Amino acid sequence: MQITSYDSRFAVDIADLYHRSVHAIDNAIYSKVQKSAWACTPPDYQMWIERLSNTKPYLAVVNQQIVGFIELELDGYIDCFYVAPEWQGQGCGGQLYRHAEHIAQERRFKRLYVEASYVARPVFEHYGFSVLKQNCVIRQNVELVNFSMQKQLGR
């Protein structure tokens, strides 16, 4: 696995990975209706191409295939952090997260913060994030719960 900077030729693959990852979440955690509001079917590829050209996520690549990605904004916000369902639990997310945190340390960020789903919350807690509050987000008239979390960075 290689962690690399964004390459626009992977934009559609990233959109598909995002969609597959969201829709693979157990229906007992987020319902089908909630997952459809979170990640529309089919993905809006033009929106993703434009988004990714701005956010330029770090990519986890295996044999020229995207298996995960993470977006790290200039203020320490992690907006998207997704791993392909078939690659979850194999260290891909850990490598991506550690890469993003290393970049944040190099840039002397004071903190990292995120709005984490029920599924992502324990992952971020594992890396030392604390929950600040629970949020209710409305997308397409559907309620989704997530958690504002942060991690203070040393320096």
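The values are calculated or read from the model by the stated rules, or taken from the named source; none is laboratory data. Keep in mind the model is a prediction, meaning the values are calculated, not measured. FYI the Cβ positions are ideal-geometry reconstructions off the backbone, even for glycines, and counts take in every protein chain you see. Ligands, DNA and RNA are excluded from the accessible area calculation, which covers all protein heavy atoms including side chains. Shrake-Rupley method; radii C 1.70, N 1.55, O 1.52, S 1.80 Å.
Accessible surface calculations at 1.4 Å, restricted to protein heavy atoms, place the chain at 55 Å² per residue.
When +1 charges are put on Lys and Arg Cβ atoms and -1 charges on Asp and Glu Cβ atoms, the dipole computed for the range 1-81 relative to its Cα centre reaches about 240 debye.
What is the sum of charges, Lys and Arg at +1 and Asp and Glu at -1, for the other residues whose Cβ falls under 10 Å from the Cβ of HIS23? Around HIS23, the surrounding residues sum to +3.
Overall, the accessible surface of the chain at a probe of 1.4 angstrom is composed of carbon and sulfur to the extent of 48 percent. Once you list every other residue whose beta carbon is under 14 Å from the beta carbon of TYR82, what net charge do they have if Lys and Arg are +1 and Asp and Glu are -1? Overall, the nearby charge balance is -3. Per residue, the chain reaches -10000 deg cm²/dmol at 222 nm when only DSSP H runs of four or more residues are counted, each adding -39500 (n - 2.57).
Can you give the net charge of the other residues whose Cβ lies under 13 Å from the Cβ of VAL61, counting K and R as +1 and D and E as -1? List each step's numbers first, then the result.
Details: positive: ARG9; negative: ASP7, ASP13.
In short, -1.
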